[in-house]
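Beneath this line is the structure, given in structure tokens, with notes to follow.
The values are calculated or read from the model by the stated rules, or taken from the named source; none is laboratory data. Since the model is a prediction, treat every value here as computed from it, not as a measurement. Here the Cβ is made from the backbone with ideal geometry for all residues, glycine too, and neighbour counts use every protein chain on show.
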């Protein structure tokens with residue numbers, strides 16, 4: 001099934017994968033997930049098992065999309081520096097590349113037990129710095145477009161300049177916009193995504209995620 005020809009299904013696919021992407025952490029001891037200091041090498045290795053665990057848990061569940069494989073890949077990076085399999089470039093599914101960037105933004109902008117929130121500015125600097133190196137350039141560009149548009153709207157609404165990233169409850173909405181802009185950029189025939197925006201404007205909120213700068 002080629003869901004690239006049915007963008008509303010691809011959005012649904014990514015929502016499902018994004019919602020379940022950290023399910024593999026059920027095997028990680030809470031003492032590691034909540035440790036208030038840096039992890040040692042063994043603890044880092046345990047954390048990195050969560051992608052394969054998620055794949056093992058979900059592989060035998062029937063989905064209309066390859067959810068387990070995309071979750072397996074969401075920590076892979078374009079240059080092969082990711083984990084668990086060191087995939088490169090187009091070996092990584094577009095959906096996994098999208099979730100990977102969204103994951104980094106949320107992880108860096110959110111509080112962690114071992115550090116305060118770094119803020120969205122730091123997260124944006126991270127993805128811009130490594131655009132085309134570890135992060136898909138089209139995904140980064142789409143993310144920046146949504147971020148700038150959201151920030152501008154907030155400024156106009158509050159009649160003042162703000163340095164603000166919406167709470168995790170709005171990440172689902174942002175991800176919808178992010179996906180539409182990205183898919184329209186990648187395939188002109190998917191411009192009908194713009195019409196879908198109204199149907200998904202109240203998308204589900206995002207949950208806790210894990211990016212390259214966070215657990």
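Among the residues of the stretch 86-95, is there at least one that is more than 22 Å from residue 23 (Cα to Cα) and in contact with a strand residue (DSSP E or B) (Cβ under 9 Å, 6 or more places away or on another chain)? Full working, then the answer.
Filtering the stretch 86-95 down to residues more than 22 Å from residue 23 (Cα to Cα) leaves 88-91.
Subsequent filtering for residues that are in contact with a strand residue (DSSP E or B) (Cβ under 9 Å, 6 or more places away or on another chain) retains none.
No, that holds for no residue.
Would you mind finding the one in 69, 8 that is modelled with pLDDT under 95 and over 30 Å from residue 115 (Cα atoms)?
Details: 69 fails: modelled with pLDDT under 95.
Of 69, 8, the one residue that is modelled with pLDDT under 95 and over 30 Å from residue 115 (Cα atoms) is 8.
Can you name every residue in the stretch 130-145 that is free of Cβ contacts under 8 Å to residues at least 40 places away in the same chain and either within 13 Å of residue 98 (Cα to Cα) or touching a strand residue (DSSP E or B) at 6+ places or on another chain (Cβ under 9 Å) (or both)?
Listed by number, the residues that qualify are 131, 137, 140, 144.
Note down all Cβ pairs under 6 Å where the first residue falls in the stretch 82-99 and is on the phi > 0 side of the Ramachandran plot and without any contact (Cβ under 8 Å) to a residue 60 or more places away in the chain, the second is surrounded by fewer than 22 Cβ atoms within 10 Å (Cβ to Cβ) and in a loop (DSSP other than H, G, I, E, B), and they're at least six residues apart or on different chains.
Qualifying pairs under 6 Å: 86/80.
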